[in-house]
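The values are calculated or read from the model by the stated rules, or taken from the named source; none is laboratory data. Keep in mind it's a predicted model, so treat the numbers as computed, not measured. Glycine also receives a Cβ, built like all others from the backbone with ideal geometry; neighbour counts cover every protein chain displayed. Areas reflect the complete protein model, heavy atoms only, side chains present, ligands, DNA and RNA absent. Shrake-Rupley method; radii C 1.70, N 1.55, O 1.52, S 1.80 Å.
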Amino acid sequence: MWSLRGNACDVPTDCPQRERSGFTGDWQVYVATAALTHDVAGFSRKWLRDLAADQWPDGRVPTITPDPAGDGPSGNAFPDAMAGSAGWGDAAVLVPWELWRAYGDREILAGQYESMVRWVEYAAAAARERRHPDRVRSAPHDEFLWDTGGHFGEWLEPGVPPHPDPTADHGIVATAYLARSARVLARIAALLGHASDAVRFGRLADGARDAWQREYLGTLGESTQGNHVRALAFGLVPSHLRDAVAARLAALVAEAGDHVGTGFLTTGLLLPTLADHGYLDVAYRVLRSTGIPSWLEMLDRGATTFWERWDAVDGGEVRGSLNHYSKGAAMSFLYTHIAGIRLPADPGPDEAGYRRFVIQPCPGGGLRRAEAEHLSPYGPIRSAWHLDGDELRLTVDVPPGTRAEIRLPGGTTSEGPGRHTFTAEVCPQ
């Protein structure tokens, strides 16, 4: 909460004491979490207008917006080389999408649509027209392989010193984001009635997913936590291989001593990805772990805001920023999985903005009770549960004008406005 408040200064800044800039990647990874605790609709809409105004003529998005240089190169070699970084520039598509999910405001999508299209077309052109010099072979899927340009990549993975290199091959990250943003844009196009765009961007998403699978899936087992998380969270893995990829992710977490091994882009996705693929127990172990790297170690060392680096305060030394909300994106797990207040992944016009939502609490990690409230556009949603022996007792408040799907181990039911109580066997661990 303090990390967000310290950085919500007219624009969503990355930190309030050093750069104090509207880094696009920071808000991309955190906006969905912010929308659980604050009304960030107007705040984000204003910032998205800045983002659209700062897009370059070729559609790329600078890593910082508002950008003093405006809608073109600044003349400063490093930021110019890193403009259009995957995961940062994708804020053009993913931030409006999360706002649609949380608030159901179609005008957010309509107002940013041109900006979204320009970004995805830039990324697609980069994949189609350029090839990393280390990749000498040519294959049909290369058309959708985005492996050039300056990218921060996963950024600040534990034990990996920050060394941004505009010549590095970050294709495994960038191609994944091309597939993700193209897929989301196809859905947005359909919602807005742009049928031909929906088909076009759907085909682009399919091509990028196929390119990612052909290029990276075979070597994913030797890869990082972050790449496994992204593969599962973005739907890049064929259905018959998802269990194996999820098992490998859980094994990587175990090899790290139940510690976080993700970087900037996937730390907020780690816990829900584990839980949603059959490893709820592992997610709880990571959440409750101590030592470096872990969230609780920050608290043990006196943190009152999230740090930029897991080891920011260590041995009497301070490294980097002590107030970066990006790692706090994991807080959404407390709402979506512990309390169980969830939005549909792909809401339609009659579902977005919590008009339809899911309550699916998943006790674990030694917790005996939990309670959360979210102030939705229709009113407060509340989920409160406690364990009575081996029995789960759940109370849910459903606001007027909405409907909740209650998912418990014994079955699923749909409930309208009012307060409802349920009992069920404890969720399997």
Mean residue ellipticity (222 nm) of the chain, computed from DSSP H runs ≥ 4 via -39,500 (n - 2.57), nearest 500: -12500 deg cm²/dmol
Protection-proxy order for peptides 140-150, 218-228, each taking the mean of Cβ atoms within 10 Å per residue, highest first: 140-150, 218-228
Karplus-derived 3J(HN,Hα), 6.51/-1.76/1.60, for each residue of the stretch 20-29, Hz, glycine and proline x: 6, 10, x, 4, 5, x, 4, 6, 4, 7
Residues with amide H under 5 Å from that of Ile64, placed H, sequence gap 5 or more: Thr24
Net lengthening on full extension, Ser414/Arg368 (0.36 nm per residue, minus Cα-Cα): 14.0 nm
Zero-based 5 Å bins, Cα pair distances in the stretch 29-145, whole percents: 2, 11, 20, 20, 17, 13, 9, 5, 2, 1
Cα gyration tensor shape for the chain, rounded if a/c is under 1.5, else prolate or oblate: rounded
Counting DSSP beta bridges with both ends in the chain, the antiparallel % (nearest 5): 90
Once the Cα gyration tensor of the stretch 272-354 is diagonalised, semi-axes √(5λ) in Å: 30, 16, 9
Alpha-carbon centroid distance for the pair the stretch 173-197 / the stretch 286-314, whole angstrom: 36
Computed magnitude of the charge dipole of the stretch 1-159 (debye, nearest 20; Cβ of K, R +1, Cβ of D, E -1): 120
Cut-off under 5 Å, modelled amide H: who pairs with Trp307 long-range: His324
Probe 1.4 Å - accessible area at Ser376, Å² to nearest ten: 10
Solvent-accessible area, 1.4 Å probe, carbon plus sulfur percent, for the chain: 51
Over the stretch 33-102, volume per residue of the alpha carbon convex hull, in Å³: 89
Cα gyration tensor category, rounded, prolate or oblate, for the stretch 208-359 with a/c compared to 1.5: oblate
With eigenvalues of the C-alpha gyration tensor scaled by 5 and rooted, the stretch 356-429, Å: 22, 13, 9
Cα centroid separation, the stretch 217-232 to the stretch 93-146 (Å): 21
Estimated vicinal HN-Hα couplings, Hz - the stretch 369-385 in sequence order (Karplus 6.51, -1.76, 1.60; Gly, Pro = x): 7, 7, 8, 8, 10, 10, 8, 7, x, 9, x, x, 9, 10, 10, 9, 9
Surface per residue (accessible, 1.4 Å probe) for the stretch 285-358, Å²: 40
Two-site label geometry, Met1 and Arg203: point separation in nm, points 7 Å out along Cα→Cβ: 5.1
Heavy-atom accessible area ranking, 1.4 Å probe, most first, across Lys46, Lys327: Lys46, Lys327
Percent of Cα-Cα distances greater than 26 Å, calculated over the stretch 143-264: 26
Three-way shape call for the stretch 98-180 based on the alpha-carbon gyration tensor, with the a/c threshold at 1.5: oblate
Calculated FRET efficiency for the pair Ala254/Arg49, C-beta based, R₀ 45 Å, to 0.05: 0.50
